[in-house]
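Pasting a structure below so you can have a look.
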Amino acid sequence: MSRTLVAYFSASGVTARAAKEIADALGADLYEIRPEKPYTSADLDWRDKKSRSSLEMTDPASRPPMAGEGPELDRYDTVFVGFPVWWGVEPRVVDTFLDSGSFSGKTMIPFATSGGSGIAYAQEHLKQGYPKLQWKEGGLVNHSAAQWAVRAVKG
């Protein structure tokens, strides 16, 4: 049984591919963080201030419901948390996931994909938002996700 979980949210498939690469490289279990209501192209239009994603991201308290049940967290020691960077931080559905279970005592490693942003601000946002969790240094994994994950676990 794997003691590592790779949990991810992916709006377009890019983060999903990186998450699968990481899980395969580490022999980890994979869990997709899915919003109860899938995002449409219109929902994801960041230029539209009234789009669903824009409204969620401008409300720090927003917690879009997740579809299905979360993973059995007691089975894992290490949890990778992956997401595309939205407005510099993790999408609010990732916060829903982090609020949904007990991550106490687990090593948490964020990873992100982005077309132009880094992960530094998002990682700091996670540390501030979830200060009781044990966060390790994360990484932007647009390329070579497997190599990064192996270094992240060892490092």
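I'd like the full set of residues that are of a type in the set (A, V, I, L, M, F, W, C) and in contact with an Asp or Glu (Cβ under 8 Å, 6 or more places away or on another chain), limited to segment 110-140.
A112, A122, L126
Just the residues that are part of a helix (DSSP H, G or I) and either buried (at least 18 other Cβ atoms within 10 Å of the Cβ) or in contact with a helix residue (DSSP H, G or I) (Cβ under 7 Å, 6 or more places away or on another chain) (or both), please, taken from segment 102-121.
Within segment 102-121, no residue meets the criteria.
Sort out which residues of segment 45-71 are of a type outside the set (G, A, S) and either assigned to a helix (DSSP H, G or I) or under 17 Å from the mean Cα position of the chain (by Cα) (or both), and write them in order of number.
Those that are of a type outside the set (G, A, S) and either assigned to a helix (DSSP H, G or I) or under 17 Å from the mean Cα position of the chain (by Cα) (or both): R52, L55, E56, M57, P60, R63, P64, P65, M66, E69, P71.
Let me ask something additional. Give segment 40-75 a look and list any residue that's in contact (Cβ under 8 Å) with a residue 60 or more places away in the chain and in contact with a Lys or Arg (Cβ under 8 Å, 6 or more places away or on another chain), or say none.
Matches in segment 40-75: L73, R75.
Tell me which residues, restricted to segment 1-37, are in a loop (DSSP other than H, G, I, E, B) and either buried (at least 21 other Cβ atoms within 10 Å of the Cβ) or without any contact (Cβ under 8 Å) to a residue 12 or more places away in the chain (or both).
F9, G13, A28, I33
Still on this structure: For E124, are the conditions met, namely being closer than 16 Å to Y31 by Cβ and loosely packed, with under 14 Cβ neighbours inside 10 Å?
no
Could you list, in sequence order, all residues of segment 131-151 that are buried (at least 16 other Cβ atoms within 10 Å of the Cβ) and part of a loop (DSSP other than H, G, I, E, B)?
Matches in segment 131-151: L133, G138, V141.
Testing D99 on (1) surrounded by 16 or more Cβ atoms within 10 Å (Cβ to Cβ); (2) under 17 Å from M66 (Cβ atoms); (3) modelled with pLDDT of 95 or more; (4) not aliphatic (A, V, I, L, M), one condition comes back false. Which one is that?
(1)
A follow-up question, please. For segment 112-126, state whether one or more residues are of a type outside the set (A, V, I, L, M, F, W, C), in contact (Cβ under 8 Å) with a residue 60 or more places away in the chain and closer than 27 Å to L55 by Cα.
Within segment 112-126, one or more residues are of a type outside the set (A, V, I, L, M, F, W, C), in contact (Cβ under 8 Å) with a residue 60 or more places away in the chain and closer than 27 Å to L55 by Cα.
Residue by residue, here is whether (1) within 14 Å of I33 (Cβ to Cβ); (2) of a type in the set (D, E); (3) touching a Ser or Thr at 6+ places or on another chain (Cβ under 8 Å) holds:
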| site | (1), (2), (3) |
| --- | --- |
| L73 | yes, no, yes |
| P84 | yes, no, yes |
| E90 | yes, yes, no |
| F103 | yes, no, no |
| V141 | no, no, yes |
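The values are calculated or read from the model by the stated rules, or taken from the named source; none is laboratory data. Bear in mind the structure is a predicted one, so any value in this text is a computation, not a measurement. Every residue, glycine among them, receives a Cβ derived from its backbone with ideal geometry; neighbour counts consider all protein chains shown.
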